[in-house]
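**Q** I have a structure I would like to understand better, so I am pasting it below and will then ask my questions one at a time.
The values are calculated or read from the model by the stated rules, or taken from the named source; none is laboratory data. Owing to the predicted nature of the structure, the values given are computational and were not obtained by experimental measurement. All Cβ positions, even for glycine, are placed from backbone atoms using ideal geometry, and neighbour counts span all protein chains on display. Each accessible area value is taken on the protein alone, full model and side chains, heavy atoms only, with ligands, DNA and RNA left out. Shrake-Rupley method; radii C 1.70, N 1.55, O 1.52, S 1.80 Å.
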Amino acid sequence: MDPTTDNAGNTGDPGNARASLEALRAEIAKAVVGQDPAVTGLVVALLCRGHVLLEGVPGVAKTLLVRALASALELDTKRVQFTPDLMPSDVTGSLVYDTRSAEFSFQPGPVFTNLLLADEINRTPPKTQSSLLEAMEERQVTVDGTPRLLPDPFLVAATQNPVEYEGTYPLPEAQLDRFLLKLTIPLPSRQDEIDVLTRHAEGFNPRDLRAAGVRPVAGPADLEAARAAVAKTTVSPEITAYVVDICRATRESPSLTLGVSPRGATALLATARAWAWLTGRDYVIPDDVKALALPTLRHRVQLRPEAEMEGVTADSVISAILAHVPVPR
């Protein structure tokens, strides 16, 4: 096989890569109904080499979404159920004594994959949560002083339940800031839910995506070509200033105790560039920034208690800021 061609038959040309990544929506829709924004968010994260926090009540197909994405991209995926007794080595791997060789050998943990689904990440103590930090930031795992590189691409999709907090360990702001995007997975509309039940009545098995017709439509070569094209997407000084003005406005909001950091501003610029490229442009416009502002910034701000009691949300504060910050012409 040509080394520039992946197993899905794609050559890694930027034009073909965009078409292949756009085809993901239709392919994933064979398994998951009505979650196009979440699919797009996961693709943006892959293009930006970022990670995603998925928030939604149980039973809205968060796990199925990640598995379907991995199948359509022909990537390896693993799932870890985070529980109070989970140890860091259960995620990263550990040294195991081999009686035959009388030596210790490293047994990789589930983090050594392309798409890691960290299910209910807020149900495990901070020590185990922090075991993911090095993997997310450095894309490596250090065990017994030896760093071990993770595969590329590598994405952590962590889930948390927004309505049940008993027995949980909320992620600290420093760790939340490591996630590129926070995507909310809503309950389906009435028609979408009817479609879900109809599929199950017709024999759909969420554990057998091949039988559902999900096939690889893109691969690592497409992702590499797409990332290179995104890096060439033009950003004008006016757009850069617009991103900075939005983030600085969060730091001055009376409803917030914590605004967006410079890292958050960098993340917003990166996601806007990826979105601009996905929509067929090689330059960023203000609408690209607006489209990605909520998922990129909502987890990077902290509400004042009195504002929270009045029903103010992070999304409403950011939306108000977007409405007031002058848009470059």
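**Q** Whole-Hz ³J(HN,Hα) for each residue in region 223-234, computed from phi via Karplus 6.51 cos²θ - 1.76 cosθ + 1.60 with θ = phi - 60°, x for glycine and proline: what do you get?
**A** Working through the residues one at a time gives 4, 5, 5, 5, 4, 5, 5, 4, 5, 9, 5, 6 Hz.
**Q** Give me the dipole magnitude in Debye, nearest 20, for the chain about the Cα centre, with unit charges on the beta carbon: positive for Lys and Arg, negative for Asp and Glu.
**A** On the way: 32 positive and 41 negative charges, 74 e Å.
Rounded to the nearest 20 debye, it is 360 debye.
**Q** Looking at region 92-232, send over the antiparallel percent of its DSSP beta bridges, to the nearest 5.
**A** Details: 10 of 14 bridges.
Within region 92-232, antiparallel bridges account for around 70 percent of the total.
**Q** Divide, for region 68-169, the radius of gyration over alpha carbons by 2.2 N^0.38 Å, where N is the residue count. Provide the component values of the computation, followed by the final result.
**A** Details: Rg = 14.8 Å, N = 102, 2.2 N^0.38 = 12.8 Å.
Rounded to two decimals, the normalised Rg is 1.16.
**Q** I'd like the Karplus ³J(HN,Hα) series for region 291-301: coefficients 6.51, -1.76, 1.60, θ = phi - 60°, whole numbers in Hz, and an x wherever there's a Gly or Pro.
**A** Running phi through 6.51 cos²θ - 1.76 cosθ + 1.60 with θ = phi - 60° gives 5, 9, 5, 5, x, 7, 10, 4, 9, 9, 10 Hz.
**Q** Straight-line reach from Lys290: which aspartates and glutamates fall under 16 Å, measuring Cα to Cα and dropping same-chain residues less than 8 apart?
**A** Cross-link targets: Glu238, Asp245, Asp315.
**Q** Do any trypsin sites (Lys or Arg not before Pro) in region 35-101 lie in a loop, going by DSSP, with at most 15 other beta-carbon atoms within 10 Å of their beta carbon, and if so which?
**A** Those satisfying the criteria are Arg49, Arg100.
**Q** Now, a different point. Among 84-91, 287-294, what's the highest-first ranking by average C-beta atoms within 10 angstrom per residue? It would help to have the intermediate numbers written out before the result.
**A** Numbers: 84-91: 15.2, 287-294: 20.8.
With the highest mean Cβ count within 10 Å placed first, the list reads 287-294, 84-91.
**Q** Ok, one more. Cα to Cα, under 28 Å, and not fewer than 8 places away if on the same chain: which lysines meet these conditions relative to Lys78?
**A** Reachable lysines: Lys30, Lys62, Lys127, Lys182.
**Q** Apply the Karplus parameterisation 6.51 cos²θ - 1.76 cosθ + 1.60, with θ equal to phi minus 60°, to every residue of region 111-126 and state each ³J(HN,Hα) to the nearest whole Hz, in sequence, with x for glycine and proline.
**A** So the Karplus estimates, Gly and Pro as x, are 5, 7, 7, 8, 10, 9, 8, 8, 7, 6, 4, 7, 9, 10, x, x Hz.
**Q** Quick query: amide H of Leu155 versus all other amide H atoms, modeled in the peptide plane; which residues come in under 5 Å with a sequence gap of 5 or more or a different chain?
**A** When sequence neighbours closer than 5 places are left aside, the close amide H contacts are Leu115, Leu116.
**Q** Please return the longest range in the chain lying between exposed loop sites, taking GluC sites (Glu not before Pro), DSSP loop only, at most 12 other beta-carbon atoms within 10 Å, and leaving the sites out.
**A** Details: sites that count: Glu166, Glu202, Glu252, Glu310.
Result for the longest clean stretch: 1-165.
**Q** Looking at Pro172, Ala274, Thr92, which one has the Cα that reaches farthest to the positive end of the dipole of the chain (charges on Cβ: Lys, Arg +1; Asp, Glu -1)?
**A** Ala274
**Q** I would also like to ask the following. Heavy atoms only, probe 1.4 Å: what % of the accessible area of the chain goes to carbon and sulfur, would you let me know? Show your work: numbers first, answer last.
**A** Details: 8430 of 15740 Å².
Roughly 54 percent, rounded to a whole number.
**Q** Of (1) 52, 18, 15; (2) 31, 26, 23; (3) 29, 23, 18, which one was derived for semi-axes √(5λ) of the Cα gyration tensor in Å from the structure shown?
**A** Of the labelled values, this structure produces (2).
**Q** Just to confirm my numbers, what's the Cα centroid distance between region 103-121 and region 268-291 in Å?
**A** Distance between centres, Cα-based: 33 Å.
**Q** Could you tell me which of Leu223, Thr233, Val57 has its Cα farthest along the dipole of the chain towards the positive end, charges placed at Cβ (Lys, Arg +1; Asp, Glu -1), taken about the Cα centre?
**A** Farthest along the dipole direction, towards plus: Thr233.
**Q** If you count only protein heavy atoms with a 1.4 Å probe, what accessible area per residue comes out for the chain, rounded to a whole Å²? Write out the running numbers ahead of the final one.
**A** On the way: 15740 Å² over 329 residues.
Roughly 48 Å² per residue, with all protein chains present.
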